[in-house]
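Quick note: the coordinates plus some simple rules give every number you see, no bench work behind them. Just so it is clear, the model here is predicted, and its values are computed rather than measured. A quick note on method: Cβ atoms are made from the backbone with ideal geometry, for glycine too, and the neighbour counts reach across all protein chains shown.
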Amino acid sequence: MSLATPLALSFGAPLGLLALLAIPLALLALYAARRRRTAYAIRFPAATSLAVAAGSVSSWRRHVPAALALLALAALALALAKPQRTVAVPVAGASVVLVTDHSGSMSATDVEPDRLSAAEAAAETFLGKLPKPTRVGVVAYSDGPDGTLAPTTDRERVRQTIEAQSANGATATGDALQVALDTLAPDGRKAARPASAIVLLSDGKTTAGRDPVEVARIAKRLGVPIYTVALGTADATIPNPISPLSPPIAVPPDPETLKEIADVSGGRAFTSDDANQLRGIYSSLGSRLATRHEQREITAGFAGAGLVLLLAAGLFSLPRVGRLP
Amino acid sequence: MADGGRHTPLAPPAARQGPGPMPHALLDALAIAVTQRVAGALPGDRRAAGVGQGTELAQIRPYTFGDDVRRIDAAATARTGEPHVRLEVPERTLTTWLVLDVSASMAFGTAERLKADVAEGVALALGRLSLRHAGRLGILTFGAGEPRLLPPRGSKAGLVALRRALADGVAADGVHDPHALADALGRVGRVARQPGLVVVVSDFREQHDWARAMGSLRARHAVLAVEVHDPREAEIPPVGRIAVVDPETGYRMEVDTSRPQIRARFAALEAERRETLTSELRRLRVDHAPLSTGEDWLLHLGRRLR
C-alpha cells in the first residue's frame, strides 16, 4: 500500500514506440504525393475560370483527412507499444481503523466549527472515498478507548460510533492505538489480513496511558502502518473547565510525537489546521488506503481508436478526393 | 506584368499541327469579303510617299523636259506665262496591320489543331490577301514580353517577314502580362498613321483594359478581331480529378471534374466571359470572328466576314 501515485500511462513494450517514427515518414510521403500530383499538371489556359468554378476549399478542411489518418497512425503505433493504464483496485479484505481523539481539547474552535465536528465531517469524507469492501473499525478515545468498533463493512455503524463522541477528558493515545492494533491483529502476530492500516487523528500531547511510540513499534512489527493527522493551531485555547474565570488552557497539537509515531510504524504524518485541509487529507487517504495499483493493458482501446480514426479519415476523404489522404 | 522581359524565348509549340489546307477558292472569296470590309475609306484617303497619280494636289512646278504633257496645269501656266505641271499625291495602297497574340495560352488545342495553328492560318491568309494589289503588311506580335514590331513591307518582303514571324512560334510558359493586348493596340495606333486594316488575332484571354485602345483604333481603321478558342475552354469533360496549370500565370490547382456543379459553373463562367467579349466588340463596332480549333477556320472566317 503506497501513497505515491504511479504514472497513469505506461508501456509494456516501449520499443513499440519506435513505430511513431512512421508519422514523420507518412508526412513526407504525403507531401511528396501532393507534389507529384501537381507536378504533371495539364496546361489549361482557362485554369483561372476553373479555379473560380471549383471554389476554394478552406485550408483546414483540406487537411482534415490527412490529420485524421496521421492520428490513426499514431494511435496504432501507440497500441503497438502495449499501453497500460494504472488503476486503483480495492484490496480484498483490507481493514482500516480510525483512531479518533475526543479529548477535552477537541472542543477548541480554532478549526471551524470545532475540532471534533471537523474530524467527524472529515471521517465521513474518508468513509465515502474508501472502497466498498474495505472494513472500517473505530476507536474513539479520551481518558481511554471508549467507543470501539471492530472492523466491519457496515458503514452505518461506523458513522454512529463516530458521531457518538463528545469532547472531554484526557488523551490516551497509546492505549487507543493498542486497542486498534488488537482489533486488527487479535493474536498479536503479524497481521494475517493484507493491507491493514490505522488512521490516527489527535490534537494534543498524550496525557494518559502508555507511550504511543512504544505502541507504534509494535505496529511496525505487526506490519500495520499508522497514518497520523495532527489537528489544530499552535495557539489554540479552550476555556478552563474548572472555572470560567481561570485562564484558558492552551491546547496546541503535538505534531512531533505524531510524526514519530508515523515514522516508526511506517506510515505518514499530516498536520492540519483547518477543516477543509483536514477533509482533503482524509479524502486522499480514503482513496489510497486499502487500494492497490494495477496495470491494465488498454491496447484494445488504442487499436479501436486507430480504427475509428482511419474510418473517419476514409469517410471524409473518399467521397471528395476519391482516395485515402 | 513585371515579367515582360525583352528576351522571352519563342518556340514553335510541340503539338503544332500547322494551319491545314487553304484552298484558293476560299481565299479568293475571303479577299472579296475583306475588301468590302475596308472599302469604307474614300478614294484618296490613302496616300503614298512621293508624287504620282492621285486626286490630291501635291505641288505645281515648272515644266521640265520629260514631264507628261497631259500634266500641264492650264491655269498656272496662264498666270505665270510659263508652262507648269501639276503633280498629285499618289493614292497609297492598303496597309494592313496584323496584331498577333503569341502568348503561351495560344499553344493549346484539343480538337483539330492548336489555337496558335489557327492564328497562324488566319495570319497567313489575311497577310497574303493584304499583300495583293501592292498592299503592305506590318506585324506586331505581343504576349511574349516586349511586343515585337515588324514595319510595313510590301510584296515578297512582307511575306517573308510574315513567315518568319509565324515560324518563331509562341512564348514559353510563365509569361503573363494582362495589359499586353492593350499595349499592342496602343502601339499600332501610334505607328499606323494612314487608315488601313487592323487584324487582331488573339484568344482575348486574361487581358484587361484593351477596349479603349481598340476604340481609338476603330476611329481610324477598319478593325477585325479574330478570336480563337478551343472547345475545351467552353466546357470541361468529366474526367475525374485532374491537376491543371495555367500556362501563363503558372497557377496550379487540383480539381474534381466529375462533379457536375463544378462543370456547370465553369461552363457558365466561360460563356459569360465570351458573351462579355462579344458585346464589347459589338459596342466598339469591331468585326468579330470567333474561330474554333475544332472547325474549318477558313470557312468560318469567310462566312463571318461575308
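Give the peptides A:46-55, A:96-105, B:274-283, B:155-164 in descending order of average Cβ contacts within 10 Å, highest first.
A:96-105, A:46-55, B:155-164, B:274-283
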Between the Cα axis of helix B:260-283 and the main Cα principal axis of chain B, the angle (0 to 90°, nearest 10) is 10 degrees
Placing one equal point scatterer on each C-alpha of chain B and summing with Debye, one gets log10 I(q)/I(0) at q = 0.10, 0.11, 0.14 Å⁻¹ equal to -0.61, -0.71, -1.04
Ranked by GNM mean-square fluctuation in chain A (Cα springs under 10 Å), the top entry among A:130, A:68, A:184 is A:68
Packing-ranked peptide list from B:15-24, B:99-108, B:143-152, highest mean Cβ count within 10 angstrom first, is B:99-108, B:143-152, B:15-24
Here the whole-number average of other chain Cβ atoms within 10 Å per Cβ of B:228-240 is 2
Restricting to Cα pairs under 8 Å and 6 or more apart, the percent relative contact order of chain B works out to 21 percent
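For chain B, what does -39500 (n - 2.57) per DSSP helix run (n ≥ 4), summed and divided by total residues, give at 222 nm, in deg cm²/dmol to the nearest 500?
Calculated from helices alone, the mean residue ellipticity at 222 nm is -11000 deg cm²/dmol.
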Of A:235, A:114, A:273, the most mobile residue in a GNM of chain A (C-alpha springs, cutoff 10 Å) is A:235
For the residue A:273, residue A:246 Cβ pair and Förster radius 25 Å, calculated FRET efficiency rounded to 0.05 is 0.45
Computed over chain A, the convex hull of the Cα set has an average projected area, in nm², of 25.3 nm²
Cα-based Rg then Dmax for the range A:79-235, in Å, read 16.7, 63
The answer for the net charge of residues other than residue A:90 whose Cβ lies under 9 angstrom from its Cβ, with Lys and Arg +1 and Asp and Glu -1, is +2
Between the modelled labels at residue A:33 and residue B:80 (7 Å from Cα along Cα→Cβ) the distance in nm is 9.3 nm
Whole-Å distance linking the alpha carbon centroid of the range A:200-252 with that of the range B:173-230 is 106 Å
Tilt, helix A:59-80 to longest principal axis of chain A (alpha-carbon atoms), in degrees rounded to tens, equals 60 degrees
Mean Cβ-within-10 Å packing, highest first, puts peptides A:211-221, B:25-35 in the order A:211-221, B:25-35
Lys and Arg at +1, Asp and Glu at -1: neighbours of residue A:255 with Cβ under 11 Å from its Cβ sum to -3
Tilt, helix A:212-222 to longest principal axis of chain A (alpha-carbon atoms), in degrees rounded to tens, equals 50 degrees
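Could you compute the net charge surrounding residue A:129? Neighbours are other residues with a C-beta less than 13 Å from the C-beta of residue A:129; K and R count +1, D and E count -1.
Net of charged neighbours comes to +3.
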With label points set 7 Å from each Cα along the Cα-to-Cβ direction at residue B:271 and residue A:61, the distance between them in nm comes to 2.6 nm
Restricting to Cα pairs under 8 Å and 6 or more apart, the percent relative contact order of the range A:92-289 works out to 27 percent
Taking N as the residue count of the protein assembly as shown, its alpha carbon Rg divided by 2.2 N^0.38 Å gives 2.03
Expected integer from the mean partner chain Cβ neighbour count at 10 Å over B:107-116 is 1
Listed by chain and number, the lysines with an alpha carbon less than 22 angstrom from that of residue A:205, same-chain partners under 8 positions apart left out, are A:220, A:259
FRET efficiency for residue B:67 and residue B:193 from the Cβ-Cβ distance with R0 = 35 Å, rounded to 0.05, comes out at 0.75
Averaged over all viewing directions, the convex hull of the alpha carbons in the range B:223-262 casts a projected area in nm² of 4.1 nm²
Among B:172, B:74, B:134, the residue with the largest mean-square fluctuation in a Gaussian network model of chain B built from Cα contacts under 10 Å is B:74
Sorted by chain and number, the residues with a modelled amide H under 5 Å from that of residue B:251, at a separation of 5 or more or across chains, are B:246
